[in-house]
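Here the structure is laid out as structure tokens; the discussion comes afterwards.
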Amino acid sequence: MATEKTTPALDLPHDHGNRERENVLSHMPESATIRTVSEAMKQLGDPSRLRIFWLLCHMEECVTNIAALVDMTSPAVSHHLRLLKDSGLIESRRDGKEMYYKAADTDLAQKLHHTIEEIAQISCPD
């Protein structure tokens with residue numbers, strides 16, 4: 001016999017008659033998910049990283065070219081790339097001595113990419 005999953009009754013200091021609370025709490029993301037999304041959004045809170053991430057959503061590129069495209073030094077770009085990579089938003093591959101970077105092929109990276117374009121009211125290049 002199957003049993004229905006129920007959320008235990010909450011013992012809150014104040015009962016305001018909110019009957020949606022249990023439904024909302026049953027859909028609340030796990031702490032690990034919240035941390036992952038929070039870290040990604042924190043990284044994109046920096047304008048330089050946001051520009052670099054947006055660029056890498058549309059092309060794969062090396063550090064030297066990224067630096068030229070966003071008018072920054074290579075060491076500064078490398079710093080931002082490391083933070084973006086640590087948060088799982090971009091990935092890299094080596095070709096000889098050169099490292100190439102692009103947006104990660106994850107749901108989170110793709111959704112953030114589309115959210116950025118929607119908020120900025122821009123569209124992807126052809």
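Restricting the range 55-95 to residues that are open to solvent by less than 60 Å² (accessible area, probe 1.4 Å) and over 22 Å from the mean Cα position of the chain (by Cα) leaves a set whose member that is nearest to P125 (Cα to Cα) is M72. Looking across the range 85-126 at every residue that is within 14 Å of Q43 (Cα to Cα) and of a type in the set (V, I, T), the one that is modelled with the highest pLDDT is identified as I90. Every condition in (1) surrounded by 15 or more Cβ atoms within 10 Å (Cβ to Cβ); (2) touching a residue at least 12 places away in the same chain (Cβ under 8 Å); (3) assigned to a helix (DSSP H, G or I) holds for M41 except the one numbered (1).
Checking each residue in the range 97-123 for being within 19 Å of A67 (Cβ to Cβ) and either charged (D, E, K, R) or not in a strand (DSSP E or B) (or both) picks out K97, E98, K102. Of all the listed residues (Q110, Q121), the sole one being open to solvent by 80 Å² or more (accessible area, probe 1.4 Å) and out of contact with any helix residue (DSSP H, G or I) (no Cβ under 6 Å at 6 or more places or on another chain) is Q121. Tell me, yes or no, whether the range 91-100 has at least one residue that is under 20 Å from I116 (Cβ atoms) and among the aromatic types (F, W, Y). For the range 91-100, residues under 20 Å from I116 (Cβ atoms) and among the aromatic types (F, W, Y): absent.
The values are calculated or read from the model by the stated rules, or taken from the named source; none is laboratory data. Treat the numbers as computed from the prediction; the structure is a model and nothing was measured. Positions of Cβ are generated from backbone atoms using ideal geometry, with glycine treated the same way; all protein chains shown enter the neighbour counts. For the accessible areas, the whole protein counts, side chains as well, though only heavy atoms, and no ligand, DNA or RNA atoms are used. Shrake-Rupley method; radii C 1.70, N 1.55, O 1.52, S 1.80 Å.
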